[in-house]
Amino acid sequence: MTANRDEDAHPDADRIDFTRQGPPQLAFGHGPHYCPDAPLSRMEADVLLGTLLRRLPRLRLAHPAHQVRWQPGTIFRGPEELAVTW
């Protein structure tokens, strides 16, 4: 079974739902559980963000950076939401 695709833990796991509640994401893991495809995923994200910024050069945060709420975490950290405008 693939990470985060367990229908018992994540109903309708094949559907992208950014508001889904439930067990935390496994993401890339760390130590012996580190995902071997993590470098490829990071490269894909780099290409995606570079392309997005080239196509939408006026893309900006919709609110001041100090108002962005961050998810707590000791290993992984990210914004709860990231509103943008262009």
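What the table shows:
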read-out: Residue-level accessible surface for L48, protein heavy atoms, 1.4 Å, Å²; value: 110 Å²
read-out: Relative packing of 36-42, 13-19, which averages over residues the other C-beta atoms within 10 Å, highest first; value: 36-42, 13-19
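The values are calculated or read from the model by the stated rules, or taken from the named source; none is laboratory data. Here the structure is a predicted model, which is why all the values come from computation and not from measurement. Don't worry about glycine lacking a Cβ; one is built from the backbone with ideal geometry, like all the others, and counts go over all protein chains shown. Side chains are part of the model used for accessible areas, which takes the heavy atoms of the whole protein and leaves out ligands, DNA and RNA. Shrake-Rupley method; radii C 1.70, N 1.55, O 1.52, S 1.80 Å.
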